[in-house]
Every structure is written in C-alpha cells, then in structure tokens.
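Bear in mind these aren't lab numbers, they're just calculated from the coordinates by the rules spelled out. It should be emphasised that the depicted structure is a prediction, and the values quoted were computed from it without experimental measurement. Don't worry about glycine lacking a Cβ; one is built from the backbone with ideal geometry, like all the others, and counts go over all protein chains shown.
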Amino acid sequence: MTMNYLYGFNKQRGFTLIEVLITVIVVSLGLLGLAGLQATGLRHNTSSYLRSQATFLAYDMADRIRANRRDALNNAYDIELKDSASGTSLAVLDLQEWKGLLDDRLPEGDGSVSSNQIGNKTVFTITVEWDDSRGEEPPQSFIFNTEL
C-alpha cells in the first residue's frame, strides 16, 4: 500500500466545474441585488434632494414677501400655477426670478402664491409643484403657509 491509500489522500483534490458554476451564480445574484439596492437608494436620494429644493424655494418666496410687506398686503405677489408675471415692480421682479428658479432647480417646477385675509392677519399660501415620478404619478407639491 502506498501512503495515499493509508491516509485517504487520493480523494477529491480541488473544485469541480459544478461547484465553480454554482459559486458564479450565487455571486452574480448577490451583485444584481446590490445593484438594485443602489438604484433604489439613488432614486430616493434624488427625491429627497428635490423636496429639499422645493422647501428652500418656498421659504425664499416667503422671505421676499416679508421684505416687501406693503406690496404683499396689496396682493402684488398673488400668482397662479402656469401663470407668468409681467411688469417692472419689485413684486413682479421677485415673482419672475422665483418662477425662473423653480424651473431651473425642479423638473417641471412651478409655483403659486395666494393671500387670504383671516381676521386682521393676512395668510400667504405658497405652493411649489414639480414632477418627481418620471411620468408614473401626479406632480409632487409642497405647501407652505405664512402670515404677515
């Protein structure tokens, strides 16, 4: 008897092709799952970024309204979705710049401002809309209320 038979050394000595194939399949499934997680994370990160931009832009308009209180109380900042402002007053220039920022920073971004008299206070409702669904859902919106 040789040494190999005494100690059982002549049994399998490496990987078979089936084991390598199974390993490749398991690793490729794991990588596909990881790619799916990465894509989902990226989509949610983009949505979060757009919501942050919408919030920032709504607060920007609120600051513009507070800075020009006299015109704001005379409804100079009231504008509907899809409307554009024309003129040369400070309120109109603020609205034009704000609508431009909405269009630049948000996909299909638009906004509206409306004022309502409640008692002796004027409440401004600032609405920002944008398309975050890639055509699958209605537009997202952020509504911010502030009073003067």
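Between the entries [x] 10, 27, 18, 11, 8, 7, 6, 6, 4, 3, 1; [y] 10, 32, 25, 19, 10, 3, 0; [z] 12, 43, 37, 8, the label attached to P(r) over Cα pairs in 10 Å bins from 0, in percent calculated for this structure is [x].
Karplus-derived 3J(HN,Hα) values for segment 54-70, using 6.51 cos²θ - 1.76 cosθ + 1.60 with θ = phi - 60°, are 4, 5, 4, 5, 5, 5, 4, 5, 4, 5, 5, 5, 5, 6, 10, 4, 4 Hz; glycine and proline are entered as x. The residues Tyr77, Tyr59, when put in order of fewest to most other Cβ atoms within 10 Å, stand as Tyr59, Tyr77.
Counting neighbouring beta carbons within 10 Å and listing from fewest to most, the residues Ile143, Ile118 come out as Ile118, Ile143. Relative contact order, whole percent, for segment 15-147 stands at 20, derived from Cα pairs under 8 Å and 6 or more residues apart.
Rank Ala85, Ala67, Ala54 by mean-square fluctuation in a GNM of the chain with C-alpha springs under 10 angstrom and give only the top-ranked residue. Sorting by GNM fluctuation, first place goes to Ala67. Cβ-to-Cβ counts within 10 Å put Arg43, Arg70 in ascending order as Arg70, Arg43, the fewest first. GNM on the chain, alpha-carbon springs under 10 angstrom: the most fluctuating residue among Leu17, Leu81, Leu32 is Leu17.
Springs between Cα atoms under 10 Å define the GNM used for the chain, and in it the highest mean-square fluctuation of Asn74, Asn120, Asn45 occurs at Asn120. With the cut-off at under 19 Å, measuring from each backbone N in segment 54-94 to a point 7 Å along the Cα-to-Cβ line of Glu108 picks out 54-55, 80-84.
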